[in-house]
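Working notes, beginning with the structure itself.
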Amino acid sequence: MIKMVTLDFDGTTADTMPTLEKIAVRLMTENYQLEESKARTMYRNTTGLPFEQQIGILFPDKEMNDKVITQFEKEKIESIFDLLLFVDAKEAISSLRKQGYLVAISSSTIQSTIEKYCLQNGLDVDQILGYRKGFEKGKDHFDFLMKKFNLLAEEMVYVGDSLKDCERAQGSEILFIAKLGMFSVEQFNEISKSKIVIKDLLELIELIPKLNRK
């Protein structure tokens, strides 16, 4: 029985990924001598992780890494509050909560940034979890939510738009629901055990009760 729907933030709840990708690709091409297409593919394949981890994986021990990470986070803060929620986000979240489901945000964006964004945009959820060193999206967040709300893994679902979101949800035995955006149905289905893919958040309003009736 599903009791909590946990949503990724960037690219799932808020329409921020085109801007963040543009910033990241520019910084990667400028600092690591990559072609734009190569930089975009590398960025997308590691999206879902904190940016500092993406850079650490993609360019281990490069001397310019700290500079690139700092600049990305600076430009992200400067732009994110001007970017919009997906048009159906509030309606979907409100409807799920009215049906009695808990709704949480679990993101690799810094906690204070998400809290400010949600407050600014009037987005009400039961819990907001962001990134800090030693506490990140995936097992850390899921364990926190299960303890706080007295839940089992099978009582949660995670909705995300990246392959890393899928990996982390399934690594904690959490049912994963893929949201289309950066990746195709075929790409998700290659690694997703559930094979559940949605185009927009409004689909959750009928989907979650259906999953509970199975």
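Some values worked out for this structure:
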read-out	value
Count - residues of region 92-142 that are touching a residue at least 24 places away in the same chain (Cβ under 8 Å), under 21 Å from Lys3 (Cβ atoms), buried (at least 16 other Cβ atoms within 10 Å of the Cβ) and not hydroxyl-bearing (Ser, Thr, Tyr)	17
Total residues in region 97-132, condition acidic (Asp, Glu) and in contact with a helix residue (DSSP H, G or I) (Cβ under 8 Å, 6 or more places away or on another chain)	2
Criterion violated by Ser106 - all others in (1) within 20 Å of Ile198 (Cβ to Cβ); (2) out of contact with any Asp or Glu (no Cβ under 7 Å at 6 or more places or on another chain); (3) in the same structural domain as Gly130 (by TED's automatic domain parsing) satisfied	(2)
When residues of region 44-66 are limited to those that are under 15 Å from Met182 (Cβ atoms) and of a type in the set (S, T, N, Q), the one nearest to the chain's Cα centre (by Cα)	Thr47
Neighbours by Cβ (under 6 Å, 6+ apart or cross-chain): first from region 149-161, closer than 20 Å to Gly48 by Cα and touching a residue at least 40 places away in the same chain (Cβ under 8 Å); second in a helix (DSSP H, G or I) and not polar (S, T, N, Q)	Tyr158/Ala169
Flag for Leu163 being closer than 26 Å to Ser112 by Cα, at pLDDT 95 or above and touching an Asp or Glu at 6+ places or on another chain (Cβ under 6 Å)	no
Region 146-155 - residue that is in contact with an Asp or Glu (Cβ under 9 Å, 6 or more places away or on another chain) and not acidic (Asp, Glu) and, of those, surrounded by the fewest Cβ atoms within 10 Å (Cβ to Cβ)	Ala153
Matching option when the condition is surrounded by fewer than 20 Cβ atoms within 10 Å (Cβ to Cβ), more than 25 Å from Glu91 (Cβ to Cβ) and either touching a Leu at 6+ places or on another chain (Cβ under 8 Å) or at pLDDT below 95 (or both), among Gln170, Gln187	Gln187
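The values are calculated or read from the model by the stated rules, or taken from the named source; none is laboratory data. This structure is a prediction, so every number in the text was calculated from the model and none was measured. Here Cβ is always computed from backbone atoms with ideal geometry, including for glycine, and neighbour counts include all displayed protein chains.
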